[in-house]
1. Where residues in the stretch 351-379 are of a type in the set (K, R) and assigned to a strand (DSSP E or B), which of them is most open to solvent (accessible area, probe 1.4 Å)?
2. Tell me yes or no: at least one residue of the stretch 380-388 is outside any loop (DSSP other than H, G, I, E, B), touching a strand residue (DSSP E or B) at 6+ places or on another chain (Cβ under 9 Å) and open to solvent by 40 Å² or more (accessible area, probe 1.4 Å).
3. In this structure, does G95 turn out to be small (G, A, S), outside any strand (DSSP E or B) and under 27 Å from S71 (Cα atoms)?
4. Can you pull out the residues in the stretch 28-64 that are closer than 15 Å to T129 by Cα, open to solvent by 60 Å² or more (accessible area, probe 1.4 Å) and not in a helix (DSSP H, G or I)?
5. Quick test of your reading of the structure: T151 fulfils all but one of (1) modelled with pLDDT of 85 or more; (2) in contact with a Leu (Cβ under 6 Å, 6 or more places away or on another chain). Name the failing condition by number.
6. Could you grab me the full set of residues in the stretch 441-465 that are of a type in the set (A, V, I, L, M, F, W, C), touching a helix residue (DSSP H, G or I) at 6+ places or on another chain (Cβ under 9 Å) and either surrounded by fewer than 14 Cβ atoms within 10 Å (Cβ to Cβ) or modelled with pLDDT under 50 (or both)?
7. Evaluate the following for Q67: is it open to solvent by 40 Å² or more (accessible area, probe 1.4 Å) and in contact (Cβ under 8 Å) with a residue 24 or more places away in the chain?
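The values are calculated or read from the model by the stated rules, or taken from the named source; none is laboratory data. Just so we're clear, the structure is a prediction, and the values are computed from it rather than from any experiment. Please note: Cβ atoms are built from the backbone with ideal geometry, for glycine as well, and neighbour counts cover all protein chains shown. These area figures cover heavy atoms from the full protein model, side chains too; ligands, DNA and RNA do not enter into them. Shrake-Rupley method; radii C 1.70, N 1.55, O 1.52, S 1.80 Å.
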Amino acid sequence: MLRSVTSRLVFFYCLLLVLLGGAFLLFTAVSFQRYTRATITDNLAARAQAIWGTSQGLLDQPDHLKQLIESRFAPESQDRFIRIRVGDNMIYRSGDPVEHDFAAANVPLLAHAAPDASLVGDLLIYTQTFRQEDGTPVIVDSGQSYAFARTMQARLAESLFIGLPILLLLAAAAGYGLMRRALTPVEVMINAAEAYSFNNPHSRLPLVGTEPRIEALGLALNRMLDRLDGAYVHVSRFSADAAHELRTPLTIIRGELELAMAEPRTPKDLDKAISNALEEMTRLSGIVDSLITLSRMESLWGKRAHSGVDLLALAIETIDQMSLLAVEKQIGLERPAGEPVVVAGDRDRLKQVLVNLLDNAIKYTPPGGQVRVKAGVENDAAFLVVEDTGIGIAPDHQDRVFDRFYRVSPDRGESGAGLGLAIVKSIIHAHGGTVTLHSVSGWGSSFRIDLPLPSTRLVQPADGDENGMAAATIAAAPGQQTTQTQNG
């Protein structure tokens with residue numbers, strides 16, 4: 001492909017040189033032709049004036065005039081033509097030139113109202129009419145052989161036609177060499193990219209001695225490789241973790257079923273084996289559902305149209321639904337208070353975030369502890385805080401708690417797959433927000449969610465719309481209201 005690009009560049013470069021060279025050749029030839037003719041014409045005009053000055057007073061003495069003109073202007077030896085006419089009478093005409101470029105007797109009579117030059121064969125004639133004192137017209141023809149000028153023009157054109165293609169070939173060869181040299185870093189990058197593999201993921205494209213724009217391209221590609229390397233490591237770790245998490249329940253299910261079929265069992269034993277298998281199937285189904293949720297949130301499908309959601313009302317509703325869990329563990333569950341906090345979002349997904357955070361807070365808070373939820377607006381953004389007085393999270397684990405399948409430590413009594421906080425992070429990021437953790441081991445944890453406020457005021461949609469559809473009313477200009485129907 002690089003050779004193809006180089007070939008195309010050289011082709012267009014040579015085509016441009018040919019066009020410019022052809023234009024230069026044409027311009028030079030035409031300019032030289034005009035210059036030589038104009039120069040000869042100026043000389044002929046000056047000679048005509050000199051001839052008129054010489055012939056005054058001698059027009060009635062043809063022999064003396066002939067002798068004077070031939071001695072002064074030497075027309076035959078200098079390939080010149082001179083002719084003087086008074087009215088219709090020819091007073092003087094020079095003879096044939098030594099080089100025989102033209103026949104003087106065959107030169108036609110020319111009459112011009114104004115001084116002008118005409119090319120007759122190989123003779124350039126300048127004709128000018130003068131007046132005697134009595135008004136009698138005197139026509140002076142001053143001519144010069146044009147053969148030499150044509151020879152010079154032909155030699156110039158020949159030199160250009162021969163020399164210009166040679167120069168073009170040399171320029172094309174030099175251009176090809178320069179382009180190959182300029183594209184050498186690109187070729188090195190291509191070879192390095194072809195050699196790149198995930199077996200050696202830390203190799204990068206070389207950038208030494210490259211042109212600034214090519215270096216910028218190499219830096220951009222290296223940054224892309226860094227992202228690919230990180231994504232590959234993430235996917236590899238995710239695949240290994242997913243395989244491990246899925247293998248455990250499958251192994252338990254297989255073991256229970258094999259024991260149930262290996263030897264006669266009592267109905268009680270069979271019920272227990274089936275119950276254990278169903279329990280692991282439920283756990284396996286939960287892991288799969290969580291993975292599907294994560295996959296959807298990271299796809300375009302997960303970024304569905306948003307409607308108005310009141311975070312305060314959603315938090316109160318979720319707390320009421322989960323209060324029994326808190327009562328069972330003798331944990332206080334404090335409801336938020338204040339003004340409605342309306343954001344643009346997917347109500348079901350935001351509720352899933354609250355459920356996951358509250359479930360973790362209740363799970364890791366000992367009896368007698370407290371779980372509090374706050375909602376409000378701060379710094380032009382909506383926030384939601386879930387904090388507890390539980391066992392907390394050690395600083396070494398806080399950077400990874402949002403990773404998939406990551407669990408802090410077995411002694412915390414964790415029974416999940418380690419996907420809850422990963423789902424929280426994915427949902428919040430899909431809403432354009434952020435989630436942060438502040439935790440002190442032994443004192444508790446605080447999860448804070450920040451979501452952007454909508455650019456227009458959204459009214460919380462009414463519940464009970466069919467198929468999960470809700471109407472979001474957006475405040476428009478005074479006296480106007482626009483209702484949008486969005487998928488919740």
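1. Of all residues in the stretch 351-379, those of a type in the set (K, R) come to 351, 363, 372, 374.
Among the residues that remain, those that are also assigned to a strand (DSSP E or B) are: 372, 374.
On the way: R372: 69, K374: 99 Å².
So the residue we want is K374.
2. No, there is no match, as no residue in the stretch 380-388 is outside any loop (DSSP other than H, G, I, E, B), touching a strand residue (DSSP E or B) at 6+ places or on another chain (Cβ under 9 Å) and open to solvent by 40 Å² or more (accessible area, probe 1.4 Å).
3. Yes.
4. Q56
5. The one condition T151 does not meet is (2).
6. First, the residues of the stretch 441-465 that are of a type in the set (A, V, I, L, M, F, W, C): 443, 447, 449, 451, 453, 458-459, 462.
Checking which are touching a helix residue (DSSP H, G or I) at 6+ places or on another chain (Cβ under 9 Å) leaves us with 447, 449, 451.
Those that are of a type in the set (A, V, I, L, M, F, W, C), touching a helix residue (DSSP H, G or I) at 6+ places or on another chain (Cβ under 9 Å) and either surrounded by fewer than 14 Cβ atoms within 10 Å (Cβ to Cβ) or modelled with pLDDT under 50 (or both): none in the stretch 441-465.
7. Taking the combined requirement at face value, the residue does not satisfy it.
Each row is one residue, and each column tells you yes or no for (1) within 23 Å of the chain's Cα centre (by Cα); (2) modelled with pLDDT of 75 or more; (3) among the hydroxyl-bearing types (S, T, Y).
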| residue | (1), (2), (3) |
| --- | --- |
| F198 | no, no, no |
| L205 | yes, no, no |
| E211 | yes, no, no |
| L250 | no, yes, no |
| P264 | no, no, no |
| D269 | no, no, no |
| I274 | no, yes, no |
